[in-house]
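The values are calculated or read from the model by the stated rules, or taken from the named source; none is laboratory data. Note that the structure is predicted; figures quoted are calculated from it, not measured. Don't worry about glycine lacking a Cβ; one is built from the backbone with ideal geometry, like all the others, and counts go over all protein chains shown.
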Amino acid sequence: MKRLALIAAIGAFRLAACSQAPDKIIFHEVSNPLTLAEWNVVSLDRGHLVTSGGSVAYDVSAPLFTDYAHKFRTVYTPDAAPILADGSLDFPVGTVISKTFYYPENADGVVRSEDSGGDAINLATHRVIETRLLVRRDSGWDPVSYVWNEGETEARLKRTGAVVPLTLSGMPFAYVVPNENQCAGCHASDMSTKALHPLGAIAPQFRDRSKMVVEGVMRPDAFTAQADYRDDELSLDVRARSYLATNCAHCHNPVGPADTSGLDLSLSAQSDLVLGRCKPPIAAGSGTGGHTFSIVPGDPDGSILSYRMASTDPGAMMPELGRSIAHDEGVALIREWIAAMDGDCS
Amino acid sequence: MRKYLIVGTALCLAACSQAEPEAITDTAYQDTLQLALLDAQPGDVITIPAGTHSLDRGLSLTAEGVTIRGEGMDQSILSFKGQIAGAEGLLITGDNVVLENFAVEDAKGDAIKINDTDGVTIRGVRVEWTGEAKTENGAYGLYPVQTTNVLIEGVVAIGASDAGIYVGQSKGVIVRNSRAERNVAGIEIENTQDADVYGNVATDNTGGILVFNMPGLTQPGARVRVYDNDVYENDRGNFGHPGTPVASIPAGSGVVVNSHDDVEIFENRIRDNRTANIIIASVYSSNFADSSFSDTFDPYPDRIHVHSNTLSGGGHKPDGMELKAAKTVKFGLTGRFPHVLWDGFVRGEDDPMICIEEPEAEVFNADLANGSKNMRVETEPHRCTLPRLAEVTLKDG
C-alpha cells in the first residue's frame, strides 16, 4: 500500500512538472518561431540547458572543429530511423536535430578545453553562444539558427548570421554565426541536389550506438563506425582520414561544392592523387602559401593542405566557413600524417 | 565658449578627412541585404542602392531566378575591406541568376563566385582590388565554376592576384565587351567547353587572355574561340601567389594557350606584350611539370588555329632568365622574339596541328622538350589550316 502511494505521489509530481512544460517537442511544420524555447527541444532547468520534449542527447566520434566550441547535441525523431547504405539515417518528417555551441567560461572570457560531451550545460560555468536546428519537414531539411543573449535566458532567431566577439584563453577572436544560406555550405554536400542533410546525426558518428537504439533514434541495423581521430591507439592514417572526412569532405567529395578542386577527402577516396599527393592546386589563390602541391610527401611545411588548415586568412583558410582560429591539434595530426609519407613529387 | 567648441570640431573634421578612411561595417545594411538574399524567390529583383556599403562577412544566394541589380558599377559598391569571414564577397549557388550594375571591392578571397549552376548573367559589374596590384589581393574577380550557359558582358576586373575574369570547368560561355587590367591573368578560360571570348580589352596584366587545361579535373577544356579582342602591353610583373598555375606566366604574355585543344585565335589586335604576343605551351613547361597526372589527362595542345590577327611589337624584353637568354642568343640584344612562342613539346610523331596562318608572324620553337638544345625559328611546319570552330549559343534561361 505504502509503495503504491509512493508511486502515485511520483506520478502526481511528474504530471505537475509536465503541466508546467509539456514534455513533447513542438514541431513547427511551416515557419520558424522567433525563439528557441518555442521548439522545446532543449530547455532551461535550474541553471542548466537540458534536453526536453523527448530529445535525446548524443555525442559524435569525430567532431567538426568550430573554434574550440563545445557542442551539446540532441535529436528528436517520431520514429526510429533506418540506417541507409551510406550510414546516414532516414529520419521521418517531424525530426528535429539541435546543436548548441558553448564554451567553459571564467572571469577573463571563454576557455579552451577538451569537449568532454555530456547531457546538459551548466550555465554557471559555461557561456552558450548559439543553437542550430536541422528540421525535417515535408520539403526536406531546413536549417534554423538561434543566438543566445548574454544573460543566457533566451535564444532568438538570427537568419543573417552574427559576429560574437569572444576572448578564448586570452586570445580575442570573432566567433561567426553563419547565415541561413551558409548552412548549405556544409550540409548540402551533393551539388547535384543541393539538398541539406545532417552530418553529425548519422549512424557512423554516434558514439553510443546502443543508447540511440534503446532511445528509439535509429533501428539496430549494421554500419561501420567512424574512427575517433583523437584516439592515439589508432593508426595515423585512420585518424587523419577520419579527421579530413569530418572537417573537409562535406565539400571535398566527388559531388561536393569543392569537387571543382579535384581534391577528394572523403573516406571513399581511393587514389593518392585525389587525396592531394603531388596534386597541383586549381584555384587556390593565396591558399597555396607559395606551395606547389596539396601534399608533398614527408614535407608538411611544403604542403598546401596543412598550410590552409593553419591559416586564418578568409581568402586562404580551409574550411572556408565555421572557424576563425586554427585547430592546433588537427593541424598537428595532418602534419604528422604528411611527414610520415614516403616518396617525393619529382 | 560654445563658439570655441564649434571651431574645435571643425578642426577635427578637417584632420579626420585626411586620415585613411576606416572600414566601418554597415551592419544594418549587411543584415538587410543578406536577409533579402535569404528570402529571395524566383523572379525577384534585389536592388543595391547607390553608395559604398562596407560589409564584414561574405554574402550568399542559393535561390534561383534572382536578379541583383545596382545603380551602376561606380555607384553601388559593396566593399569588403573589413571582411573577417567568407571565402568570397558574394557566393551564388542558384540557377539563372543575373548580376548587374554594381561593384564588389576588396574581397579577402574571390570577389564573386558562382558554383555549379545553370544560367549565369553578369553584366556591367565591376570587381576590383583597390590600391596597388599586389599578391595579398584576392584570387579571382568573377569566378563561375562548373556552370553552364554563362554570359559575362561589359564587366571590369581589376587587381586580382590570380585572374580578373575566370571561367572554370564550364560549358557554353560568352565573355564579351569587358575590360581586365592589372590582374595576373586578365581573362582565363580553364577546362571549359565551348567558349567565345570577344570584344574585350586586356591590358596591363601579367598575361592578357589565357586558355588553360589543368590536370586532375573531371572535364577537359575544348573549343574556345578568342577573337576581336584588344590585347596589349600585358607587361605587369607577375604578382601571383607562388604555387598557383598563373604564377608561372611570364610577364608580357598576350594570349596564352596551355595544354588545351581546339582553340581558335583570330581577328584580335595583339601588340606590345614584351615576352610574346602569343604563347602556346604544354603543362610540361609550367611549374607543374612534376605533377602526378591522371591517365586521362592530355598535356599537349592540339589543333590551335591562329589567323587573321593584327600583331605588332612585343617580344623585345621577355620575362625570366631563360627566356631572356634565349632571346639574346637567337635574336641579339636589340632583337625580339617572333610573335608566336611555342615550347615544342609534342606527343611522339603526331602533328599537333598548331596552325599559324599569319603571313607576318614567325614561330619560335623553344625546344624545351630537349632542354632547349635546338631552339629555332620554325615557321613552315605551322603553315597549316583547320576548320573554323562554331559560334557559341547559349540556352535561354
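Some notes on this structure:
- Some residue of the stretch B:206-218 being more than 14 Å from chain A (Cβ to nearest Cβ) and either without any contact (Cβ under 8 Å) to a residue 24 or more places away in the chain or surrounded by fewer than 24 Cβ atoms within 10 Å (Cβ to Cβ) (or both): no
- Qualifying residue in the stretch A:245-263 (condition: surrounded by fewer than 21 Cβ atoms within 10 Å (Cβ to Cβ), modelled with pLDDT under 95 and touching a Leu at 6+ places or on another chain (Cβ under 7 Å)): no
- Residue count for the stretch B:106-125 under the criterion of being crowded, with 24+ Cβ neighbours inside 10 Å and more than 14 Å from chain A (Cβ to nearest Cβ): the result is 3.
- The listed residue being in contact (Cβ under 8 Å) with a residue 24 or more places away in the chain, in a helix (DSSP H, G or I) and in contact with a helix residue (DSSP H, G or I) (Cβ under 9 Å, 6 or more places away or on another chain), out of A:R230, A:R239: A:R239
- Residues satisfying the stated conditions in the stretch B:62-94, i.e. in a loop (DSSP other than H, G, I, E, B) and either of a type in the set (S, T, N, Q) or more than 14 Å from every other protein chain (Cβ to nearest Cβ) (or both): B:T62, B:G65, B:E71, B:G72, B:M73, B:D74, B:Q75, B:Q83, B:T93
- Test result for B:C355, in contact with a Cys (Cβ under 6 Å, 6 or more places away or on another chain), assigned to a loop (DSSP other than H, G, I, E, B) and either of a type outside the set (D, E) or surrounded by 21 or more Cβ atoms within 10 Å (Cβ to Cβ) (or both): no
- Test: residue in the stretch A:198-216 that is crowded, with 22+ Cβ neighbours inside 10 Å, part of a loop (DSSP other than H, G, I, E, B) and assigned by TED's automatic domain parsing to the domain that holds A:Y58: yes
- In the stretch A:52-82, the residues that are more than 18 Å from A:H28 (Cα to Cα), out of contact with any helix residue (DSSP H, G or I) (no Cβ under 6 Å at 6 or more places or on another chain) and part of a strand (DSSP E or B): A:V56, A:A57, A:Y58, A:H70, A:K71, A:F72, A:R73, A:A81
- Residues (surrounded by fewer than 23 Cβ atoms within 10 Å (Cβ to Cβ) and either of a type outside the set (D, E) or in a loop (DSSP other than H, G, I, E, B) (or both)) located in the stretch A:38-48: A:N40, A:S43, A:L44, A:R46, A:G47, A:H48
- Residue in the stretch A:264-284 that is charged (D, E, K, R), under 18 Å from A:T246 (Cβ atoms) and not in a helix (DSSP H, G or I) present: yes
- Subset tally (residues that are without any contact (Cβ under 8 Å) to a residue 40 or more places away in the chain, farther than 18 Å from B:D343 by Cβ and not hydrophobic (A, V, I, L, M, F, W, C)) for the stretch B:365-391: 3
- Residues in the stretch A:39-72 that are farther than 14 Å from A:D119 by Cβ and aliphatic (A, V, I, L, M): A:L44, A:V60, A:A62, A:L64, A:A69.
- Looking only at the stretch A:41-70, residues that are polar (S, T, N, Q), more than 30 Å from A:M318 (Cβ to Cβ) and in contact (Cβ under 8 Å) with a residue 40 or more places away in the chain come to 2 in all.
- Count of residues meeting criterion [crowded, with 24+ Cβ neighbours inside 10 Å and either under 20 Å from B:N101 (Cα atoms) or under 9 Å from the mean Cα position of the chain (by Cα) (or both)] in the stretch B:192-201: 1
- Screening B:R269 with (1) under 12 Å from A:P280 (Cβ atoms); (2) without any contact (Cβ under 8 Å) to a residue 60 or more places away in the chain gives one miss only, at (1).
- Any hit, the stretch A:288-308, residues being more than 8 Å from chain B (Cβ to nearest Cβ), assigned to a loop (DSSP other than H, G, I, E, B), of a type outside the set (A, V, I, L, M) and over 20 Å from A:A339 (Cα atoms): no
- Checking A:G315, A:G322 one by one, the residue that is surrounded by fewer than 22 Cβ atoms within 10 Å (Cβ to Cβ) and part of a loop (DSSP other than H, G, I, E, B) is A:G322 and no other.
- A:A174 meets the conditions (1) assigned to a strand (DSSP E or B); (2) closer than 22 Å to B:L61 by Cα; (3) within 12 Å of chain B (Cβ to nearest Cβ); (4) in contact with a Leu (Cβ under 9 Å, 6 or more places away or on another chain) in every case but one. The failed one is (2).
To keep it simple, each residue is scored yes or no on (1) within 17 Å of B:F102 (Cβ to Cβ); (2) crowded, with 24+ Cβ neighbours inside 10 Å; (3) within 12 Å of another protein chain (Cβ to nearest Cβ); (4) modelled with pLDDT of 95 or more.
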{"position": "B:G141", "(1), (2), (3), (4)": "yes, yes, yes, yes"}
{"position": "B:V155", "(1), (2), (3), (4)": "yes, yes, no, yes"}
{"position": "B:A163", "(1), (2), (3), (4)": "no, yes, yes, yes"}
{"position": "B:G168", "(1), (2), (3), (4)": "no, yes, yes, yes"}
{"position": "B:K171", "(1), (2), (3), (4)": "no, no, no, yes"}
{"position": "B:V175", "(1), (2), (3), (4)": "no, yes, no, yes"}
{"position": "B:S178", "(1), (2), (3), (4)": "yes, yes, no, yes"}
{"position": "B:V184", "(1), (2), (3), (4)": "no, yes, yes, yes"}
{"position": "B:E190", "(1), (2), (3), (4)": "no, yes, yes, yes"}
